[in-house]
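Please read the structure below before turning to the comments.
Just so it is clear, none of the values below were taken in a lab; they were calculated from the coordinates. Keep in mind that this is a model prediction, so the values were computed, not measured. Please note: Cβ atoms are built from the backbone with ideal geometry, for glycine as well, and neighbour counts cover all protein chains shown.
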Amino acid sequence: MSYIKGIGCGLLLALASYIYIRSRRRPDSRKNMKVMVSMEEFKGHPRLPKFAVPKRYDIRLKPNLTTCKFVGSVAIELKIVADTSFIVLNAAELSIDTTSVSFTYPAAHSSNSKQQVLKPLKVDVIEEDEILVLNFADTLPIGLGLLTILFQGSLNDKMRGFYISTYEHNGEKKNMAITQFKPDDARRCFPCWDEPACKATFKITLDVPSELVALSNMPIIEEKVVGDLKTVSYQESPIMSTYLVAIVVGLFDYVEHLTSDGVKVRVYCQVGKVNQGKFALDVAVRTLELYKEYFAMPYSLPKLEMVAIPDFSFGSMENYGLVTYHETTLLYDVQHSTAADKQRVVIVVAHELAHQWFGNLVTMEWWTHLWLNEGFATWVSYLAADCLFPQWRVWTQFLDDYTEGLGMDGLRVSHPIEVKINQASEIDEIIDSISYIKGASVIRMLQSYLGAACFQSSLASYVKKFAWSNAKTKDLWAALEEGSGEPVNKLMNSWTKQKGYPVVSVKVNDKKLVFEQSRFLASGSHGDGQWIVPITLCCGSYDVRKNFLLQTNPETLDMKELMSEESNLASAWVKLNVDQTGFYRVEYDEDLEARLRNAIENKYLSATDRFGILDDSFALCMARQKSFISFLALLNAYKKELEYTVLSNLIKISYKVDRITTDAAPGSSVDSFFIELFLHSAMKLGWEPKTGESHQDAMLRGEVLTALAVFGHNLTLKEASRRFYAFLEDRNTPLLHPDIRKAVYVAVMRRVSTSNRFGYESLLRVYRETNLRQEKARILSSLTSSPDPNITLEALNFLLSSEVRTQDAVLGLAVSREGRETAWSWLKNYWEHISKTWGSGYLITHFINSIVSPFASFEKAEEIQEFFASRTNSKIARTLKQSIERVHINAYWAQGFRIELQNHLARFSERNFVVLPQKSDAKIEMLEGYCIFVL
């Protein structure tokens, strides 16, 4: 009876309370109804509303490396700066404990001790916008408060957010947990304001297995072990953006050293690989010292740790104080790594450490200014490498990157350096050659124009002014303009706010040089644009120089101003864009081009200028602004070329020419011509490293031998096979130096077929036996070199197997010219799997670019477009358009080549040139500077 009576009293009390609340809250209920409708306003916006500003995060995470789950809590100190009943922040792929969410005000350390805890009426996760919307009953008070949230998540296998990487220890497969938050994946680890401008301090605590190493941005201040778990607490960080927060949990060894001012620097790697971290450690310590002087500001944290990660989608990531790297970009094995591997470690370490100032200390305000971070870090990484290893002459090798930037920006489907970013999903597509390489190139151009000393001092002022805050492109220009007195903003806006770049044409007219500019497009079509171009030129000698800004069309320069002796005017060579410091191409008239060809043959020009003439000429040839025959005549001037930078570019060009001429005239070949072109350098370099040889020669040897193997040079293929068999017998044989292994592996695969599989199966055996990532990378990039489509298909399928780490699959996508159709069919057949596995990050773009771009027919472009018509998304849209544009460019060039071939054959016949009949495929030979087609 009393039980029934109790229920009745409880119901009466509840009913009374309900009526009271309704009577008290009726006006607010109407207000809340209006508020609830306005929740829709938060959907579809690229950026978070500004009514709450994060000041401090207190994060605690407990990852379970067995179940691949994690639980966490976050307490975020906020400043409410405008009237609102909402708090909106980012969260994605997290399970929010809605009952745990609360907002306490004022903050605990406030002088007002009376605190009030508010619980939201509604907690909404809007998945498509990756936001968490908290709706409170009343307007939140202006000032500081504390938002607390409990959550759970999964350690994913997508190499983004908080994820799992695998490794082996004592023959047992184990997991490690790593974060990769750039550009917008911190929200997958903890709820936050995941925008670069929302800087705050971070206090992090981790609960992890006691036997593991747990790292974060700051030094450890306390470690408590309780049974199998330990709780690790870290110092609170200075203010930084969420994308720079980092956590690594795993089993590691390390090496360490101190800088002159006491910064502890460590390199962490898998157990047993610690010796491979010593070179990067030395580079890091020296680079920190260098940057301290260059930026006139010391490194801002008490420690720097660099970690080699087995599964890592990017080459590296600049997390503040805890920089993460793909193993191939941090580890260097003295016995098994190549000279190119060594240089890559230096460039990548210098790049990421540059970010500790330019990116972490001074951060872009929004992703539109991504290039400020990446363009600058790319440029200064070469500056650092040149200071640390001047004998490498890395600025000549910067031109490899420079050419890549010119190539992408020569497309109609390019984008400005400063590109408007609307949605976070668009960011991955601008992590490209424009942001990084064009960005670095225009900085290099500006530094050359302003002068190194002025540029450095102005840059130091900029870093000092914007330290611990955010900046836009215009802020950098303002600092450089103030320091130099030059109109930097006006000059550079023409390079950063519009896409593309100019081709500057120069011709001789009545002993005057006439200059004009127009937008260069790789398609050869007309493009709009006007640039303020810093022109540098030399005439007859590097002692005779002239610099000016080209702003109008046309502009003229009297050659008499350059040369006092009039007799030399008719023969003196003229080279524009001296040392390729300007981001533009140059087109010379026939007279000036002939003078430059003579200057190349007689070695009057520097390696960088020989490179520039070659690269510009090829680009103009591809754009059908120069004939293929005249381009081949220019190539003849490079027969005795021995400089790494020039020959490396020539080899890349030869592969493109070979592929497209084969498509243009099936059965034709330029193999013999290129074999003859590269034999001189191959004979000089030989197969064995020479005592005291240069760093460049060590890198060049492998590239030249690879080219000879690709073009089918019989003696190279035979010698490569001999050395490979010796290597199979003895992995330590001196006959297969790391610098030539890639060449030998490619040569072996060029002889592999369905009926002769030994080379392929042997390489797979070597792949499975080695634990050196750089060796695995060499093999993967060689396996698809076979001319047999069946072997190519087998190699492509191997890339999708569990034996190949997800991020390494892209290494094998550059198939042989004979395997292109096979690769395209494979891509279509496996697209669903590829899209699912790689579609969440930028690696998916490699599949499209590598397989689609090499084609050279309009029919193929249409077929590609049809296939992707229903399969395109924002991650691949720009890359797909660029790749299809490249196919069109190739097709136009192939079409022009066919016409040129027919015309020249007819002309040769009229002039009684002998067309030699042969049973072999058609070849193009050079004879005394003329092009002879041998059929």
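For R56, the residues whose amide H sits under 5 Å from its own are E77, T201, ignoring neighbours fewer than 5 places away on the same chain, with H placed 1.01 Å from N.
Taking every C-alpha pair closer than 8 Å and separated by at least 6 residues, the mean separation divided by the residue count of region 339-475 gives a relative contact order of 37 percent.
Each other residue within a Cβ distance under 13 Å of H355 adds +1 if Lys or Arg and -1 if Asp or Glu, for a net charge of -2.
Strictly over 20 Å apart at the Cα level, which of K278/K342; K199/K472; K603/K639; K43/K474; K203/K292; K828/K875 would you flag in this model?
Pairs exceeding 20 Å: K43/K474; K203/K292.
What pairs in K497/K881; K490/K656; K174/K881 have C-alpha atoms more than 31 Å from each other? In this structure, K490/K656; K174/K881 lie more than 31 Å apart at Cα. Give the calculated FRET efficiency between N489 and W468 to the nearest 0.05, with a Förster radius of 22 Å applied to their Cβ-Cβ distance. Approximately 0.35, to the nearest 0.05. Charge dipole (Cα centre; +1 on Lys/Arg Cβ, -1 on Asp/Glu Cβ; no other charges) of region 358-496 amounts to roughly 360 debye.
With viscosity set to 1.567 mPa s and temperature to 4 °C, compute the Stokes-Einstein D of region 252-332, Rh being the Kirkwood radius across alpha carbon pairs; µm²/s, no decimals.
Numbers: Rh = 12.8 Å.
The Stokes-Einstein estimate is 101 µm²/s.
Residues in region 586-595 carry Karplus couplings, in order, of 10, 10, 9, 6, 4, 5, 5, 5, 5, 5 Hz; the curve used is 6.51 cos²θ - 1.76 cosθ + 1.60 with θ = phi - 60°, and Gly or Pro positions show x. Simple rule: put +1 on each Lys or Arg Cβ and -1 on each Asp or Glu Cβ in region 43-250, find the dipole, and look at S216, S237, P141; the Cα lying farthest toward the positive end is P141. The stretch between N64 and T166, if pulled fully straight at 0.36 nm per residue, gains 35.3 nm over its current Cα-Cα span. Contact order normalised by length for region 252-332, with contacts defined as Cα pairs under 8 Å and 6 or more residues apart; what percent is it? Relative contact order, region 252-332: 28 percent. Couplings for region 809-824, taken from phi via the Karplus curve 6.51 cos²θ - 1.76 cosθ + 1.60 with θ = phi - 60°, read 4, 5, 5, x, 7, 7, 7, 5, 4, 6, x, 5, 5, 4, 5, 5 Hz in order; Gly and Pro are left as x. Where a ≥ b ≥ c are the square roots of the eigenvalues of the C-alpha gyration tensor, would you call region 449-568 rounded, which needs a/c under 1.5, or, failing that, prolate if a/b is larger than b/c, or oblate? Oblate is the answer for region 449-568, as a/c is 1.5 or above yet b/c matches or exceeds a/b. For L121, the residues whose amide H sits under 5 Å from its own are N135, F136, A137, ignoring neighbours fewer than 5 places away on the same chain, with H placed 1.01 Å from N.
Estimated from helices alone, the mean residue ellipticity of the chain at 222 nm is -13000 deg cm²/dmol (sum of -39500 (n - 2.57) over DSSP H runs with n ≥ 4, per residue). In this label model, E862 and T98 are separated by 5.4 nm, measuring between points 7 Å along each Cα→Cβ vector. Placing a pseudo-label 7 Å from each Cα along the Cα-to-Cβ vector at E818 and E676 gives an inter-label distance of 2.5 nm.
Taking the alpha carbon gyration tensor of region 76-172, multiplying each eigenvalue by 5 and rooting it gives semi-axes of 34, 17, 11 Å, largest first. Using the Cβ atoms and a cut-off under 10 Å, what net charge is assigned to the surroundings of S786, where Lys and Arg are +1 and Asp and Glu are -1? Overall, the nearby charge balance is 0.
For region 135-283, the dipole from Cβ point charges (+1 on Lys and Arg, -1 on Asp and Glu) about the Cα centre works out to 220 debye, to the nearest 20. With a Förster radius of 22 Å applied to the beta-carbon distance between M297 and K264, the computed FRET efficiency rounds to 0.70.
Filter the trypsin sites (Lys or Arg not before Pro) in region 610-679 to those in DSSP coil with at most 15 other Cβ atoms within 10 Å of their Cβ, and list the result.
Details: sites: R610, R624, K626, K639, K640, K652, K656, R659; in loops: R624, K626, K639, K640.
The qualifying sites are K639, K640.
Go ahead and run the numbers for FRET between Q625 and V71, Cβ-Cβ distance against an R0 of 41 Å, rounding to 0.05. Efficiency for this residue pair is about 0.10.
Projecting the Cα positions of Y892, L843, W831 onto the charge dipole of region 830-916 (unit charges on Cβ atoms of Lys, Arg, Asp and Glu, taken about the Cα centre) puts L843 furthest along the positive direction. For the chain, a crude dipole built from +1 on the beta carbon of Lys and Arg and -1 on the beta carbon of Asp and Glu, taken about the Cα centre, is about 2060 debye to the nearest 20.
What relative contact order, as a whole-number percentage, does the chain give when Cα pairs under 8 Å and 6 or more residues apart are counted?
Over the chain, the number comes to 7 percent.
Spin-label pair K55-V334: with each label point 7 Å from Cα along the Cα-Cβ axis, the two points sit 5.4 nm from one another.
For a quick check: with amide H placed at 1.01 Å from N, whose amide H comes under 5 Å from F520's, ignoring anything fewer than 5 positions away on the same chain? Long-range HN contacts for F520: Y501, V503. Across region 639-652, coupling constants 3J(HN,Hα) worked out from phi with the 6.51/-1.76/1.60 Karplus curve, θ = phi - 60°, read 4, 9, 5, 10, 7, 3, 4, 5, 5, 4, 5, 4, 5, 4 Hz, and Gly and Pro carry x.
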